[in-house]
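Worksheet: the structure to be examined is printed underneath.
The values are calculated or read from the model by the stated rules, or taken from the named source; none is laboratory data. Please read these numbers as outputs of a predicted model, since none were measured by experiment. So basically every Cβ, Gly included, is an ideal-geometry build from the backbone, and we count neighbours across all protein chains shown. The accessibility values were calculated without ligands, DNA or RNA, using every heavy atom of the protein model including side chains. Shrake-Rupley method; radii C 1.70, N 1.55, O 1.52, S 1.80 Å.
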Amino acid sequence: MIKAGIVGASGYVGGELLRLLANHGDVEVTVATSNKHKDEKVARIHPDLYGLTDLKFTGRSIFDLLDDLDVVFLAVPHGTSINYVPQLMESGVRIVDMSADFRLRDPDKYPVWYGFEHPYPDLIKKFVYGMPELHREELKNARYIAVPGCIASSSIYSIAPFASLDLDNNVITVDAKVGSSGSGAELDESKVFSERYNSVRAYKPAGHRHTPEIEQEIKYATGRDVNIALSAHSVNMVRGILTTSSIFAKTDEIHGWGLLREFYSGEKFVRLIMDKKSNFKYPDPKIVVGSNFVDLGFAIDRYINRIVSFGAIDNMIKGASGNAIQSMNIMYGFNESEGLTAPSLFPV
């Protein structure tokens with residue numbers, strides 16, 4: 001049994017890590033930090049955990065608690081993990097970083113997309129990108145994991161099998177619909193119920209910071225340089241992401257399904273949605289909520305030789321804590337599915 005600490009455990013991602021690890025047979029969460037809620041019971045902030053844990057948030061520095069920890073999850077904002085990682089590495093503890101601070105292989109991209117010069121470019125190469133379906137072999141020898149972004153995850157899963165086709169151009173467009181939990185637990189006017197409800201709001205129509213992450217991983221998976229044109233919309237749901245990507249290439253349904261099956265052969269958490277008699281003929285976030293599944297499907301637009309590829313995930317799980325735990329399981333040699341086998345909730 002390994003002991004885990006979660007820094008920033010009072011947020012949505014921290015709460016999902018606590019919930020999933022509560023049923024993990026090989027991990028015990030012994031430390032959950034939160035300056036805002038120090039000394040309060042975890043279940044007061046995450047009421048779904050009533051009866052499952054007696055843990056309290058601590059306001060103590062994680063550096064004072066490392067002697068009793070094997071792995072630390074950093075569930076903190078972008079630009080914050082870099083303040084923890086060097087000292088954590090010196091301690092010998094393993095790290096699972098939920099932020100973007102070590103996702104991008106090229107440190108020169110951080111000023112462009114995240115607004116800061118990366119102070120530890122030499123440490124980036126020590127992290128493995130936490131997407132098991134693409135990086136499983138690297139994860140087996142990892143000590144430090146950089147968990148993918150939520151929109152990036154759905155986009156990469158749904159684009160990668162098709163990106164090796166003969167593209168008409170190297171531009172792939174991505175339309176992302178994102179639930180409110182994707183913007184975190186902190187409040188501002190845009191998250192107030194009366195502002196968000198009954199709304200489909202384009203909040204980042206261009207320049208989304210997950211763009212270089214998608215391009216990086218498509219290059220890793222296929223060897224091809226592509227340009228991603230990503231637009232993101234806030235929609236009237238709490239959990240979930242649906243990405244709709246336009247890949248301009250000629251194929252047919254039989255070949256398309258063959259590409260998906262080959263690319264994700266044996267992947268337990270990848271589901272291909274192709275039941276034309278179902279009410280859910282295409283991937284829909286509604287039927288992945290609460291699960292670590294990614295649902296994939298596509299349609300063929302023969303008029304302009306376009307593949308319309310869909311990806312649906314729960315942004316809090318396969319888009320964050322689920323991939324983190326799945327990657328950690330591989331790193332430690334645990335059963336890869338441990339803590340992650342619950343089916344999705346339906347209806348929600």
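Just one of the numbered conditions (1) open to solvent by 30 Å² or more (accessible area, probe 1.4 Å); (2) modelled with pLDDT of 95 or more is not true of Thr251; which one?
Condition (1) is where Thr251 drops out.
Show me the helices (runs of 4 or more DSSP H) found entirely inside the stretch 191-304 where at least 2 residues are under 24 Å from Ala100 (Cβ atoms).
211-222
Condition check: more than 17 Å from Gly149 (Cα to Cα), of a type in the set (Ser, Thr, Tyr) and either assigned to a loop (DSSP other than H, G, I, E, B) or open to solvent by less than 10 Å² (accessible area, probe 1.4 Å) (or both). Does Ser309 satisfy that?
So Ser309 fits the description; yes.
Run down Phe63, Phe73 and say which single residue is more than 21 Å from the chain's Cα centre (by Cα) and either of a type outside the set (Asp, Glu) or open to solvent by 30 Å² or more (accessible area, probe 1.4 Å) (or both). Show your work before the answer.
Working: Phe73 fails: more than 21 Å from the chain's Cα centre (by Cα).
Among Phe63, Phe73, only Phe63 is more than 21 Å from the chain's Cα centre (by Cα) and either of a type outside the set (Asp, Glu) or open to solvent by 30 Å² or more (accessible area, probe 1.4 Å) (or both).
How many residues does the stretch 239-248 hold that are hydrophobic (A, V, I, L, M, F, W, C), over 22 Å from Asn169 (Cβ atoms) and either more than 21 Å from the chain's Cα centre (by Cα) or open to solvent by less than 10 Å² (accessible area, probe 1.4 Å) (or both)?
1
Taking the residues in the stretch 17-51 that are open to solvent by 80 Å² or more (accessible area, probe 1.4 Å) and in a strand (DSSP E or B) as candidates, determine which candidate is nearest to Glu338 (Cα to Cα).
Glu28
Within the stretch 226-238, is even one residue modelled with pLDDT of 95 or more and open to solvent by 40 Å² or more (accessible area, probe 1.4 Å)?
Among the residues of the stretch 226-238, at least one is modelled with pLDDT of 95 or more and open to solvent by 40 Å² or more (accessible area, probe 1.4 Å), which makes the answer yes.
Hey, could you check the stretch 194-225 for residues that are surrounded by 13 or more Cβ atoms within 10 Å (Cβ to Cβ) and among the hydrophobic types (A, V, I, L, M, F, W, C) and say which is nearest to Leu167 (Cα to Cα)?
Per the stated criteria, the residue is Ile218.
For the stretch 259-281, give me the residue count where each residue is modelled with pLDDT under 95, under 22 Å from Asn315 (Cβ atoms) and hydroxyl-bearing (Ser, Thr, Tyr).
0
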